[in-house]
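A.B. asks: For reference, the structure I am asking about is given below.
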Amino acid sequence: MDLNSTNVSPVLTEPAPINKSRLGIHSSLLPYSQSGAPFTSGILSIPRKKPGKLDDVRSNGWLDAMKSSSPPRKKILKDFNVEVASDDSDVEYYSWMLEHPSALNSFQQIINHARNKKIVMFLDYDGTLSPIVDDPDRAFMSDEMRSTVRNLAKYIPIAIISGRSLDKVYELVGLTDLYYAGSHGMDIMFPVRDTAFADPSNCIKSTDQQGKEANLFQPAREFLPMINEVFRTLVESTKDIKGAKVENHKFCASVHYRNVDEKNWPTIAQCVLEALKGYPLLQLTHGRKVLEVRPMIKWNKGKAVEFLLESLDLNNRADVLPIYIGDDRTDEDAFEVFREGILGHGILVSSIPKETKAKFSLRDPSEVQRFLKSLVRWKENDELLKSINKRSLEFQ
C-alpha cells in the first residue's frame, strides 16, 4: 500500500489483528498498515483543500453515527411484552431496567458476589464522575464526588479510564492514589512499585506530578506525529463552524459538535473525512456528540482494563471482582471484557434505554456517587467487623 496516497478512505471497521502476547498485543507493538506490515515513523501529508461533496459523509453512515452518538437508544421492548408510546420515556426506561437493573437496587446482590473478593474499580470521567456539559473544559466533578472517590480508594484500587488526555484527566480528578489511563487507555500511568508486568520494554519511566517514579504504557506512541498533524488540520478546517471545538488528547484528536447547529453536522463530518484521507492508519470513532480520530491499533478501554489487571497481578483470579462504570459507547469495550472472559460487573450510566453489554445501570453521576458511597460504608463496616473479631480472638 502507498501510505502517501491521499485517495484512501479511512477505515471505520475493526482494525486487522496484530500479533498477541499474553496481554493481547505484541511486545513491541509497532503501528501497522492495513495490510499488517509495520512502518517507521514519519508525518504523512494531508490534502490542503476544502471539504468535498457532502454525499460522502451521508453514504458511509457518518451522519447516522453522529446522530446516534453514544450507545444507541433501545427502540423495542418486545422481550418484555410491553407496549408503550414512543414518548413514554419513564415506562420505557423501567422496562429496559428489567434487563439492566439499577446497581443501587441491586447493591446487596453485588456485595454478595464481592464477599471474600478484592474489588477493583474502573471509572470513566465525563458523564460518570462529572455531568455532561456544553463546554468540555467545564466538566468538573463535585467536591463531594472527589471526597467519595478518595475515601473509596483507601480500601480498593481505583483506575480512571477516560478519552481525555492523561494530563487533563489527572488534573480534573486531582487525586494521587489512583491509576490513570487517558486517550481511551492508550496512555496509562501507574507506580513502578505496583506493577507485576513481565515485559518492561513496553513501558517508559516517568514521574508523576508529585515527582514520584512511575511507569507509562503507551502502545500507540509511534502515532503521535500523525495525531498532532491531523489535530492542526482539523483546527484550521473547522475554525469557521460556530460551536465546533477540537481537542488534542495526545493519542486521539476529538471534534466536539454538541454546540454545532445540526444543519452543519455534515460539514463537520466532511472536515474529518478530508483530514483522514491522507492517513490510512488512523480511524474514526464517536462518542457523545464527538468524533474522535484514533490510531488503528487493536487497543481500547477494554484492553486497558485487561492490561491494568495483569499489571497488578489481579487477572484471571477467582478472588478478584472488577467493576467498571461508564456512560459512553467507548465504555462498551470494557463491558464486553466482562461478558467474554473476565468475571466482573459493567454498569452503564444512562437516563434513557440503550443497547449495552453492561449488566447493571445507574441514571446519572448523582447515582454513581450514591453507589460509591454505599461501597465506602460497606467497606468501613467490613473493616470494623474484622477488627472486632480480631480483638475477640485476642481476648480468648
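A.B. asks: With the requirement that a residue be of a type in the set (A, V, I, L, M, F, W, C), open to solvent by 10 Å² or more (accessible area, probe 1.4 Å) and assigned to a loop (DSSP other than H, G, I, E, B), what does the range 96-107 give you? Spell out how you get there, then give the answer.
C.D. replies: Keep residues of the range 96-107 that are of a type in the set (A, V, I, L, M, F, W, C), which gives 96-98, 103-104, 107.
Now narrow it down to the ones that are open to solvent by 10 Å² or more (accessible area, probe 1.4 Å): 97-98, 104, 107.
M97, L98, L104 - these are the residues of the range 96-107 that are of a type in the set (A, V, I, L, M, F, W, C), open to solvent by 10 Å² or more (accessible area, probe 1.4 Å) and assigned to a loop (DSSP other than H, G, I, E, B).
A.B. asks: Can you pull out every residue in the range 113-130 that is open to solvent by less than 90 Å² (accessible area, probe 1.4 Å) and over 14 Å from S162 (Cα atoms)? First the steps, then the outcome.
C.D. replies: Residues of the range 113-130 open to solvent by less than 90 Å² (accessible area, probe 1.4 Å): 113-114, 117-130.
Once the filter is applied, which keeps residues that are open to solvent by less than 90 Å² (accessible area, probe 1.4 Å) and over 14 Å from S162 (Cα atoms), the range 113-130 yields H113, A114, K117, K118, I119, V120.
A.B. asks: Given (1) open to solvent by less than 40 Å² (accessible area, probe 1.4 Å); (2) over 30 Å from K263 (Cα atoms); (3) modelled with pLDDT of 65 or more, where does E92 come up short, assuming only one miss?
C.D. replies: Among (1) open to solvent by less than 40 Å² (accessible area, probe 1.4 Å); (2) over 30 Å from K263 (Cα atoms); (3) modelled with pLDDT of 65 or more, the lone unmet condition for E92 is (2).
A.B. asks: Let me ask you something else. On the given criteria, is Y279 among the aromatic types (F, W, Y) and modelled with pLDDT of 95 or more? Steps first, answer last, please.
C.D. replies: On the way: among the aromatic types (F, W, Y): yes; modelled with pLDDT of 95 or more: no.
No; evaluated as a whole, the condition is false for this residue.
A.B. asks: Kindly provide the set of residues from the range 346-396 that are of a type in the set (F, W, Y) and under 20 Å from K118 (Cβ atoms), ordered by number.
C.D. replies: So the first thing to find is which residues in the range 346-396 are of a type in the set (F, W, Y), and the list is 360, 371, 378, 395.
Listed by number, the residues that qualify are F360, F371, W378.
A.B. asks: Sticking with this structure for a sec: What pairs come out if I take residues in the range 125-148 that are under 17 Å from V260 (Cβ atoms) and outside any helix (DSSP H, G or I) and pair them with residues that are at pLDDT below 90 and open to solvent by 40 Å² or more (accessible area, probe 1.4 Å) whose C-beta lies under 7 Å away, six or more apart or interchain?
C.D. replies: Close Cβ pairs (under 7 Å, with a partner that is at pLDDT below 90 and open to solvent by 40 Å² or more (accessible area, probe 1.4 Å)) amount to I132/R288.
A.B. asks: Which condition does I110 not pass, out of (1) modelled with pLDDT under 95; (2) over 15 Å from the mean Cα position of the chain (by Cα); (3) open to solvent by less than 10 Å² (accessible area, probe 1.4 Å), if it passes all the others?
C.D. replies: Condition (1) is where I110 drops out.
A.B. asks: Condition (residue is modelled with pLDDT under 95, touching a Phe, Trp or Tyr at 6+ places or on another chain (Cβ under 9 Å), open to solvent by 70 Å² or more (accessible area, probe 1.4 Å) and not in a strand (DSSP E or B)) applied to the range 369-381: is it met by at least one residue?
C.D. replies: Among the residues of the range 369-381, at least one is modelled with pLDDT under 95, touching a Phe, Trp or Tyr at 6+ places or on another chain (Cβ under 9 Å), open to solvent by 70 Å² or more (accessible area, probe 1.4 Å) and not in a strand (DSSP E or B), which makes the answer yes.
A.B. asks: Also, I was wondering about something else. Tell me which residues, restricted to the range 229-245, are open to solvent by 30 Å² or more (accessible area, probe 1.4 Å), in contact (Cβ under 8 Å) with a residue 24 or more places away in the chain and either of a type in the set (D, E, K, R) or part of a strand (DSSP E or B) (or both).
C.D. replies: Once the filter is applied, which keeps residues that are open to solvent by 30 Å² or more (accessible area, probe 1.4 Å), in contact (Cβ under 8 Å) with a residue 24 or more places away in the chain and either of a type in the set (D, E, K, R) or part of a strand (DSSP E or B) (or both), the range 229-245 yields only K245.
A.B. asks: While we're on this one: Of everything in the range 246-275, what is surrounded by fewer than 23 Cβ atoms within 10 Å (Cβ to Cβ), touching a Pro at 6+ places or on another chain (Cβ under 8 Å) and either at pLDDT below 90 or part of a helix (DSSP H, G or I) (or both)? Give them in sequence order.
C.D. replies: Scanning the range 246-275 gives T267, Q270, L273, E274.
A.B. asks: To continue, here is another question. Suppose we filter L152, L129 for residues that are within 19 Å of the chain's Cα centre (by Cα) and modelled with pLDDT of 95 or more; which single one remains? Please lay out each step first, then the result.
C.D. replies: Working: L152 fails: within 19 Å of the chain's Cα centre (by Cα).
Matching residue, one of L152, L129: L129.
The values are calculated or read from the model by the stated rules, or taken from the named source; none is laboratory data. Just so you know, these numbers come straight off a predicted model, no measurement behind them. So basically every Cβ, Gly included, is an ideal-geometry build from the backbone, and we count neighbours across all protein chains shown. Calculation scope for accessible area: heavy atoms of the full protein, side chains included, ligands and nucleic acids excluded. Shrake-Rupley method; radii C 1.70, N 1.55, O 1.52, S 1.80 Å.
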